[in-house]
Amino acid sequence: MEACSSVESKDKQKHCPLTPWKMLKGVLCLIVLVLTAFMLLIYCGFWTAFGLRFFSIHYSRTATSFFLGTWIALWPFFFEKINQTKVVFSGESVPARERALLIANHRTEVDWMYLWDLAVRKGCQGCIKYVLKSSLMKMPVFGWIFHIAEFIPVERKWEADASTIYQMLSMLKDPEDPLWLAVFPEGTDFTEQKCLRSKKYAAETGLPVMKNVLLPKTKGFYACIECLRGSLDAVYDITIGYKFRCPSFLDNAFGVDPAEVHIHIERVNISDLPESEDGTTSWLMETFRQKDQLLSDFYVNGHFPGEGIEDELSTVKCVLNFVFVITLTGVCTFLTFFASIWFKIYVVSACAYFAAATLMNFRPKPILVL
């Protein structure tokens, strides 16, 4: 991509080559992530997201958030500590545990994973939710996790998505439940081809012509603001830049790219956003115009302004979390393969439930109140 290559050529530093050691390390990390995801989902997520939800949605979300958060925290550990990816935060330091709507540019398929690096630092890794394309919900295990985490699946066509979006948002209004809802208003990841189409449409309709981001889709963003305004504290405007090369998922897994991830944050009080749809649309367009300029400066200078707002991850906390998850996964794996056959029946039954519940978008409603 042109934007990324400008930084690479300026600093004359290329991404790391894929060595046998990096490949082995990446494969092991992927095995750990998949196995831990499956075991925590089946042995913990089933009871927190299904059994406990019959009694309290709030306590169900709290318990699910705990176990989900321990698993999500593995990703920044692998990114920053194992693969030695440098994550640099700039802009404003946001408060911990705030209910917020996050909007970010969408450079590549792994942008959403790097929001976990910020979430872990703020203690919000278990309550972060995404608006994501519905095809991802069809993945075994990971799609089931997205379902119990209450991610919002979309077809990226407003006529088909409106009812689903409003239904899901109506379930997220409780101010007692921590919430980070992440939205990528561009609707898809950035490519030069998509950028050319976006520029052409912008020129024809009198909208800002931008070279580093696509024109944002505004209806979904306005729906989030409209439904959640009364329970949100702020909107976090997040801009992500990669140095020296935009990564793919496998680049991340094998530690090949990115060398550095730069994340710029600006916090906007929810009361400062316009209330009308037209006003919200104009605000989002202007925000992305500024984001485009911010990225242009980043590709020239190699950094965003106001760096150093967040500390490095605590290695001790990362290791303790890793040991906890691995120990729990080890126990669950032993029960599955070496204990009574009833555990195998339980695992198969839990898988069947998650597959059906995700397909039908089913979540239990409380029948008794704690």
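Any read-out appearing in this document is the output of simple, stated calculations on the displayed coordinates, not a laboratory observation. Here the structure is a predicted model, which is why all the values come from computation and not from measurement. Cβ placement follows ideal geometry from the backbone for every residue including glycine, while neighbour counts extend to all protein chains displayed.
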Practice task
Counting other Cβ atoms within 10 Å, keep those with at most 12, restrict to DSSP loop, and tell me which GluC sites (Glu not before Pro) in the stretch 159-218 are left.
Solution key: E176
Practice task
For the stretch 2-360, calculate the relative contact order in percent as a whole number, restricting contacts to Cα pairs under 8 Å that are 6 or more residues apart.
Solution key: 28 percent
Problem - the stretch 203-310: C-alpha pair distances exceeding 22 Å, % - result: 45 percent
Exercise for the section: Treat the chain as a sphere of radius equal to its Kirkwood radius over Cα pairs and apply Stokes-Einstein at 4 °C in a medium of 1.567 mPa s; give the translational diffusion coefficient in µm²/s, rounded to a whole number. Expected result: 60 µm²/s
Problem - Cα-based shape type of the stretch 109-261, given that a ≥ b ≥ c are square roots of the gyration tensor eigenvalues and the cut on a/c is 1.5 - result: oblate
Handout entry: Euclidean distance of C-alpha centroids, the stretch 214-274 and the stretch 102-174, integer Å
Key = 12 Å
Problem - Where GluC sites (Glu not before Pro) fall in DSSP loop in the stretch 227-300, at most 13 other Cβ within 10 Å - result: E275
Problem - Neighbourhood net charge (15 Å Cβ-Cβ; Lys/Arg +1, Asp/Glu -1) for S134 - result: +1
Completion exercise
Cross-link reach from K81 to lysines, straight Cα distance under 26 Å and at least 8 residues apart if same chain, gives K12, K14, K22, K25, K122, K129, K243, K317
Exercise for the section: Express the relative contact order of the stretch 228-367 as a whole percentage, based on alpha carbon pairs under 8 Å and six or more residues apart in sequence. Expected result: 17 percent
Completion exercise
Residue-normalised 222 nm signal for the chain, counting each DSSP H run of n ≥ 4 as -39,500 (n - 2.57), nearest 500 deg cm²/dmol, is -15500 deg cm²/dmol
Exercise for the section: Please report, in debye to the nearest 20, how large the charge dipole of the stretch 2-360 is about its Cα centre when each Lys and Arg carries +1 at its beta carbon and each Asp and Glu carries -1 there. Expected result: 1040 debye
